[in-house]
Ligand code: BG6
Ligand code: MG
């Protein structure tokens with residue numbers, strides 16, 4: 001493992017808690033279709049693409065629909081979801097996230113976003129974080145969903161940094177797998193039970209610093 005030159009951040013669940021808005025919008029859709037959708041069910045949608053999320057939701061309700069109907073429902077859910085994210089404020093940035101981005105930048109670490117969301121630009125703009133990212137790879141720029149490493153490999157390529165010099169921050173198991181499949185180191189944000197494959201698991205970015213990041217390079 002070489003020197004750490006770049007950090008690639010997932011967005012939802014790492015920099016901001018959008019899961020609560022996704023949940024409200026998916027639950028409204030489920031209720032409209034005549035079934036319940038719980039917060040525990042919502043866990044299955046973390047890190048998963050919009051269409052795959054809809055498939056999981058329909059599976060819970062035992063409903064089969066045509067592709068055209070699925071497109072319509074995914075669009076409807078997204079319109080509802082966007083009503084919430086368009087109201088977001090910079091104070092919704094998770095603790096320590098902005099401070100870490102600023103510290104890493106100051107130390108010369110390159111920074112990119114690697115998110116499955118097609119709403120990533122809207123969210124970054126609302127949080128006033130867009131300018132802190134040198135490269136932004138989101139759901140509009142990839143064809144393969146995590147655990148495929150495409151989103152992170154594109155981020156590294158756009159920064160001009162080799163994957164071995166990158167550290168990924170992820171809250172979803174599929175995201176951790178994507179990072180490792182891309183030959184990058186990974187810090188999991190959340191529970192070691194779910195993210196155990198990561199090189200390190202922490203509760204949130206408030207527990208990360210440049211100094212701690214550097215220890216990831218030295219212990220392997
Ligand atoms: C991921 C979220 O970041 O983006 C998933 O963890 C979500 O829950 C996915 O389904 C796609 O998001 P969007 O904004 O394109 O519907
Ligand atoms: Mg996430």
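FYI, it's all coordinate maths here, none of it is from the lab. Worth saying up front: this structure is predicted, and the values here are computed from it rather than measured. As a convention, Cβ positions derive from the backbone with ideal geometry for all residues, glycine included, and neighbour counts pool all protein chains shown.
Remark: relative contact order (the chain) = 27 percent; criterion is Cα-Cα distance under 8 angstrom and separation of 6 or more residues.
Given axes a ≥ b ≥ c from the Cα gyration tensor, I'd like to know whether region 121-220 is rounded (a/c under 1.5), prolate (a/b larger than b/c) or oblate. Rounded.
Extension gain residue 36-residue 215, at 0.36 nm per residue separation less the Cα-Cα distance, in nm?
Details: separation 179, 0.36 × 179 = 64.44 nm, distance 4.52 nm.
Difference between extended and current length: 59.9 nm.
Over all projection directions, the Cα-based convex hull of the chain averages an area of 11.4 nm². To the nearest ten degrees, helix 50-61 and the longest principal axis of the Cα atoms of the chain are 50 degrees apart.
Among 27, 72, 110, sorting on how many other beta-carbon atoms sit within 10 Å of each Cβ, with the fewest leading, yields 72, 27, 110.
The angle between the Cα long axis of helix 150-159 and the longest principal axis of the Cα atoms of the chain comes to about 40 degrees, rounded to the nearest 10. The angle between the Cα long axis of helix 67-85 and the main principal axis of the chain comes to about 60°, on a 0 to 90 degree scale.
By counting other Cβ atoms within 10 Å of each Cβ, how are 206, 22 ranked from fewest to most?
Details: 206 13, 22 24.
Fewest to most other Cβ atoms nearby, the residues stand as 206, 22.
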